[in-house]
Every structure is written in C-alpha cells, then in structure tokens.
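A.B. asks: Below: one structure in structure tokens.
The values are calculated or read from the model by the stated rules, or taken from the named source; none is laboratory data. Since the structure is predicted, the reported quantities are computational estimates derived from the model, not experimental observations. All Cβ positions, even for glycine, are placed from backbone atoms using ideal geometry, and neighbour counts span all protein chains on display. When the accessible area is computed, the model is the full protein with side chains, heavy atoms only, and any ligands, DNA or RNA have been set aside. Shrake-Rupley method; radii C 1.70, N 1.55, O 1.52, S 1.80 Å.
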Amino acid sequence: MSTEGVFPQDIVDLVESHVREVSDFPAPGVLFRDITPLIADAHGFKSLITILAERYRGKVDAVAGLESRGFILGAPLALALNVGMLTVRKAGRLPGPVVGVDYDLEYGSARMELQPFTVEDGMRVLVIDDVLATGGTAGAAFDLIKQAGGEPVGLCVLLELVDLGGRERLGSEIPIDSVLRY
C-alpha cells in the first residue's frame, strides 16, 4: 500500500465534489469539511466503497472504524471485503473487557478503547476514518490493535489536513492513504 496517487481521479473528483465546507464550525475560525453529502448520495457512496474494496481486497483481515464517521465508512467496506469490522470507540462506550489508550489532542486528551476478543492474533487490520488531522486518534487505534494482538497494516482517510501534521506524527511504519489532501 503506497501513500500517494492510489485512488483513481474519478473517485478523487467524486469525493471533492461532495465535501461541503462549513465556516466557523464547531468553533469560530474552524473550517469544517462535511462528508454528509457524499454519504447521502447512494450512487456516489457505493462508488467510493467499491473503489476502496478494490484497493484493499486480499490485503486485510478486518476493518477498524474509528468513532464515529469511521463506522459509516468501515461497515460497508468490511462487508464488501467479506471481513469483520472492529469498533474503536471513545472511553466508556464498550462493555468490557476492553483495552484502552490515552492520547493527546491539540486541545486536551482523550481515550479510545477496543474489545480485544474481537482481534485475532496476527490479524491484518485496516484503520479507516473520515479525516486525518493531528494523528492522535489513528495512533491510538494502531496501539490498541497491537495490544490486542493484531497488526495495523494501513490507514485510509477521505480527507487529510496536511498542515496539522498527522502523517508526520504517525511516521512511515504504517502506510496512509488519503483521497483528498488539504
């Protein structure tokens, strides 16, 4: 899995044409990029999932969706790949037993959790989310998968916010595929 130019231009154009920019959300000065129009377009969403499935077929044993938009992308992708889906959730939202990782955000800290019994030893796991920003959530997911005995083999995001440095913080050990980079 490489990190550049992995998606066909028609999918790049599709995602770009369906991203809605919302100024000053969730706080003044923030430009929020909303993928809801893409998810609401049945043909467009199906096309995206089909292309993602072609990209990762045979390379992963499970898809890990990050709460919460990663669930929306991860579930249909896992079905298309005929693999299971793992849920990486915010603290306190999964019944035990869980493994957890605390991580820093640019504005505080958070905790993500995973049920370790959902991960088989050596399982190759693709992590998926809508946005890569600072890399904290994705890094926590990688750590959780490793704690549970799995092997994170890639991160796929629709949007990457390059200026926030997530790719650099995550390092080059695990390939990162982003459809759009801002």
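A.B. asks: Leaving out ligands, DNA and RNA, and with a 1.4 Å probe, what % of the accessible surface on the range 2-117 is carbon or sulfur? Working shown, then result.
C.D. replies: Working: 3330 of 6280 Å².
Heavy-atom surface of the range 2-117 belonging to carbon and sulfur, 1.4 Å probe: 53 percent.
A.B. asks: So, one more: Semi-axes of the range 124-182's equivalent ellipsoid from the Cα gyration tensor, sqrt of 5 times each eigenvalue, largest first, rounded to whole Å? Intermediate results must be reported in sequence, preceding the final value.
C.D. replies: Numbers: eigenvalues 73, 24, 16 Å².
Calculated on Cα positions only, the semi-axes equal 19, 11, 9 Å.
A.B. asks: Around CYS156, which amide H atoms from residues at least 5 apart in sequence, or from another chain, sit under 5 Å from its own amide H, with H modelled in the peptide plane?
C.D. replies: VAL127, ILE128, ASP129, ASP177
A.B. asks: Kindly provide the GluC sites (Glu not before Pro) of the range 134-177 that DSSP labels as loop, not H, G, I, E or B, and whose Cβ sees at most 12 other Cβ atoms within 10 Å.
C.D. replies: Details: sites: GLU160, GLU168, GLU173; in loops: GLU173.
Filter output for the range 134-177: GLU173.
A.B. asks: Out of the range 96-148, which GluC sites (Glu not before Pro) are coil in DSSP terms and have no more than 15 other C-beta atoms within 10 Å?
C.D. replies: Values: sites: GLU106, GLU113, GLU120; in loops: GLU106, GLU120.
In loop regions of the range 96-148 (DSSP not H, G, I, E or B), the sparsely surrounded GluC sites (Glu not before Pro) are GLU106, GLU120.
A.B. asks: How about the range 24-128: which chymotrypsin sites (Phe, Trp or Tyr not before Pro) there are in a DSSP loop, with at most 15 other Cβ atoms within 10 Å of their Cβ?
C.D. replies: Values: sites: PHE32, PHE45, TYR56, PHE71, TYR103, TYR107, PHE117; in loops: TYR107.
For chymotrypsin sites (Phe, Trp or Tyr not before Pro) across the range 24-128 that sit outside H, G, I, E and B with at most 15 neighbouring Cβ atoms in 10 Å, the list reads TYR107.
A.B. asks: Now for a separate question. For the range 38-107, take N as its residue count and report Rg(C-alpha) divided by 2.2 N^0.38 Å.
C.D. replies: Working: Rg = 14.2 Å, N = 70, 2.2 N^0.38 = 11.1 Å.
Cα Rg divided by the expected 2.2 N^0.38 Å: 1.28.
A.B. asks: Using alpha-carbon positions, what is the distance between the centroids of the range 107-167 and the range 55-69, in Å?
C.D. replies: 10 Å
A.B. asks: Magnitude of the Cβ-charge dipole of the chain, K/R +1 and D/E -1, about the Cα centre, nearest 20 debye?
C.D. replies: Details: 16 positive and 26 negative charges, 86 e Å.
Taking the Cα centre of the chain as origin, the dipole is about 420 debye.
A.B. asks: With all distinct Cα pairs included, what does the Kirkwood hydrodynamic radius of the range 31-182 come out to in Å, to one decimal, could you say?
C.D. replies: Working: mean 1/r = 0.0648 Å⁻¹.
15.4 Å is the Kirkwood radius here.
A.B. asks: For the charge dipole of the range 48-159, defined by +1 on Lys and Arg C-beta atoms and -1 on Asp and Glu C-beta atoms about the Cα centroid, which residue among LEU81, LEU66, ILE145 has the Cα displaced farthest towards the positive pole?
C.D. replies: Of LEU81, LEU66, ILE145, it is LEU81.
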